[in-house]
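The values are calculated or read from the model by the stated rules, or taken from the named source; none is laboratory data. Everything quoted here is computed from the prediction, not taken from an experiment. As a convention, Cβ positions derive from the backbone with ideal geometry for all residues, glycine included, and neighbour counts pool all protein chains shown. Quick note on the areas: whole protein, heavy atoms, side chains included, nothing else; ligands and nucleic acids left out. Shrake-Rupley method; radii C 1.70, N 1.55, O 1.52, S 1.80 Å.
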Amino acid sequence: QVQLVESGGGLVQAGGSLRLSCAASRSTFSFNSIGWYRQAPGKQRELVAAIRSGGSTDYANSVKGRFTISRDNAKNTVYLQMNSLKPEDTAVYYCNAKVIPIEYWGQGTQVTVSS
């Protein structure tokens, strides 16, 4: 069973930065992709950023240029560096890993951006 453990959420002022971490129970290269989704109150869960086993990345248009996804192979960990945060980035952020057709989810970490 795959485990994904997120950390790094919190409260930050608009314009600030946070770094989220997702520690996986096995190599991130064993997944077709691993990344981050978020869900704000009353909204659908949406993809924020993901990195594929080959290294290519995807970003939501709303975070391009502000967020960066990366991974540390030795630690089986994926990071989401979030800069220039906006109040609309407020959401629960979930780590997601895919071994098609199976998906694994972390428990989520709250990010709150105050104006």
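Using only alpha carbon pairs under 8 Å that are at least six residues apart, calculate the relative contact order of the chain and give it in whole percent. Don't skip to the end; give the middle numbers.
On the way: 286 pairs, mean separation 42.0, N = 115.
Dividing the mean separation by the residue count of the chain yields 36 percent.
Going toward the positive end of the dipole of the chain, with +1 on Lys and Arg Cβ and -1 on Asp and Glu Cβ, which of T77, Y93, G8 do you reach last?
Among T77, Y93, G8, the one farthest towards the positive end of the dipole of the chain is T77.
Counting only trypsin sites (Lys or Arg not before Pro) that are in a DSSP loop and have at most 16 other C-beta atoms within 10 Å, tell me the longest site-free stretch of the chain.
On the way: sites that count: R26, K43, R45, K64, R66.
Between the exposed loop sites, the longest stretch runs 67-115.
Excluding A97 itself, what net charge comes from residues whose Cβ is under 12 Å from its Cβ, given Lys and Arg +1 and Asp and Glu -1? Mind dumping the intermediate values first?
Numbers: positive: R26, R52, R71, K98; negative: E6, E103.
Net local charge, A97 excluded: +2.
Round to a whole number: what % of the accessible area of the chain belongs to carbon and sulfur, probe 1.4 Å? Present the calculation step by step, with values, prior to reporting the outcome.
On the way: 2840 of 5950 Å².
That share works out to 48 percent.
What residue among G42, G15, G54 shows peak mean-square fluctuation when the chain is described by a Gaussian network model with Cα springs under 10 Å?
G42
Using the Cα centre of the chain as the reference point, and only Cβ charges (+1 on K/R, -1 on D/E), how large is the resulting charge dipole? Debye, rounded to the nearest 20.
Values: 12 positive and 7 negative charges, 26 e Å.
The calculation lands at about 120 debye.
If you count only protein heavy atoms with a 1.4 Å probe, what accessible area per residue comes out for segment 15-71, rounded to a whole Å²?
On the way: 2880 Å² over 57 residues.
That works out to 50 Å² for each residue.
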